[in-house]
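Enquirer: Sharing a structure here in structure tokens format.
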Amino acid sequence: MITLIGRKVRKEVEREGGLTILDLAMKHGVDWSFSCTRGTCARCRCLIKEGNGLLSEPTDAELDRLEPEEIEAGFRLGCQAVVKQDGPVTVQYKPYF
Ligand code: FES
């Protein structure tokens, strides 16, 4: 189960194949901003509060856009990160602004 926490909406959703965190948020009506969907604008930035080890490795775009300390702290780009394995995952939308 994946808990998605938007600015106002919070939902529990099922993991789905190759869908990114942003894909899941949009599909389930969780308020999550985005712009490029290519990993460059960081509008979709989020914090993995639980279950970081169940996600895909950061993409090259994430490694370019996020500071190593952010990745270390659990920040990801919603349009890039995919939940790969079942288990409890909690993700909160946390853009820079
Ligand atoms: S939507 Fe631009 S980095 Fe994710």
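Enquirer: What does the convex hull of the Cα atoms come to per residue for region 2-93, in Å³? Display every interim value, and only then the final one.
Expert: Values: hull volume 7.4 nm³, N = 92.
Given the Cα convex hull of region 2-93, per-residue volume reads 80 Å³.
Enquirer: If you restrict to DSSP beta bridges whose two residues both lie in region 2-93, what percentage is antiparallel, to the nearest 5? Mind dumping the intermediate values first?
Expert: Numbers: 13 of 17 bridges.
Antiparallel bridges: around 75 percent, rounded to the nearest 5.
Taken together, the values in this text are just the output of simple stated rules run on the coordinates, not laboratory data. Just so it is clear, the structure is predicted and the values come from calculations on it, not from any experiment.
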